[in-house]
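What follows is a set of notes on a single structure, which appears directly below.
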Amino acid sequence: MIEWDEYWEKYSISKAERWLILERDKMINTYLDKIDSLKKEVIEIGCGYGSNINLIKKGRNDVECYALDNSSVAIELIKKEIPNAFLSDCRNTPFPNNKFDFIFSAGLMEHFREEKPFLREMKRILKYSGYLITFVPARYSLWKLYQLLHFGMWKHGYEKSYTYSGLELLFINNNFRVIKIVGIDPFSINGFIMKLFNITFSPVIKRSFLKSGYTELCIITKHLPPSTTY
């Protein structure tokens, strides 16, 4: 089992990951722009190094940024930039009901054997008009093959991957309204080349012929009130 405090103490970001973070940032900002509020309360759940929440804070003046992680090291690292950083289990957060306009996470949900407690808590703290955006590993990519080659010794511990249809059904069954699912980095080809040569470039290959054939799937959802049938 991975020790996340140790992981974040030793963490260094690659150019390939910087590119992936920027791709996530485009998606996040697209939906932040759709929220009609003068000051949007935004939180990154499982913030880790805080790359995306820091980008949001630096790039926008219409947000109040929060961060949450279960690693004390991660929280100490991010507190200088994001004072509203909380050490907590994301399945039992210290926030009141319906607090946030926008919640997002990347590289988090796949580490839970059971997603329901996480999704239930996210729904509790999300406003009825708010968005929940979740980035998870896709099932049919070179990234998945890379994990399998570790023969159960994957450094990030237990981690699952998702198909397009499976991810959609998971959120529908947990009473979210699915707006859209998009893929990032077809088959991990772009990210693989960036990692191999430590470079960043504008990818030539942008679309996979498989819905699930990406490094990551990004699912955009909204709060579904209890009285609504989806």
Give the residue that is farthest from the chain's Cα centre (by Cα), with candidates limited to residues of region 1-26 that are buried (at least 18 other Cβ atoms within 10 Å of the Cβ) and either part of a loop (DSSP other than H, G, I, E, B) or among the aliphatic types (A, V, I, L, M) (or both).
16
Residue 30 vs. criteria out of contact with any Ser or Thr (no Cβ under 7 Å at 6 or more places or on another chain), without any contact (Cβ under 8 Å) to a residue 60 or more places away in the chain and part of a helix (DSSP H, G or I):
yes
Going by the structure shown, is residue 66 crowded, with 18+ Cβ neighbours inside 10 Å, hydroxyl-bearing (Ser, Thr, Tyr) and more than 27 Å from residue 201 (Cβ to Cβ)?
yes
Scan region 76-90 and tell me whether some residue there is over 17 Å from the mean Cα position of the chain (by Cα), surrounded by 16 or more Cβ atoms within 10 Å (Cβ to Cβ) and modelled with pLDDT under 95.
yes
Could you say whether any residue in region 93-115 is farther than 22 Å from residue 4 by Cβ, at pLDDT 95 or above and in contact with a Ser or Thr (Cβ under 6 Å, 6 or more places away or on another chain)?
yes
Filter region 33-58 down to residues that are part of a helix (DSSP H, G or I) and touching an Asp or Glu at 6+ places or on another chain (Cβ under 7 Å) and give me whichever is nearest to residue 191 (Cα to Cα).
52
Of the residues in region 35-47, those that are surrounded by 13 or more Cβ atoms within 10 Å (Cβ to Cβ) and within 20 Å of residue 222 (Cβ to Cβ) come to 35, 37, 40, 41, 42, 43, 44, 45
When you scan region 98-120, how many residues do you find that are farther than 16 Å from residue 173 by Cβ, of a type outside the set (A, V, I, L, M) and touching a strand residue (DSSP E or B) at 6+ places or on another chain (Cβ under 9 Å)?
9
Hits in region 62-81 - residues which are acidic (Asp, Glu), in a loop (DSSP other than H, G, I, E, B) and over 16 Å from residue 52 (Cβ atoms):
62
Here is a list of conditions, (1) in contact with a helix residue (DSSP H, G or I) (Cβ under 7 Å, 6 or more places away or on another chain); (2) closer than 15 Å to residue 135 by Cβ; (3) in a helix (DSSP H, G or I), and residue 221 meets all of them except one; can you say which number that is?
(3)
Looking at this structure, is residue 55 under 26 Å from residue 5 (Cβ atoms) and touching a residue at least 40 places away in the same chain (Cβ under 8 Å)?
no
Quickly run through region 128-159 and pick out the residues that are modelled with pLDDT of 90 or more and surrounded by fewer than 19 Cβ atoms within 10 Å (Cβ to Cβ).
128
Looking at (1) crowded, with 17+ Cβ neighbours inside 10 Å; (2) in contact (Cβ under 8 Å) with a residue 40 or more places away in the chain, which is the only condition residue 50 fails?
(2)
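The values are calculated or read from the model by the stated rules, or taken from the named source; none is laboratory data. Bear in mind that the values here come from a model prediction, so they are computed numbers and not experimental data. With ideal geometry, Cβ positions are generated from the backbone for all residues, glycine too; neighbour counts draw on all protein chains shown.
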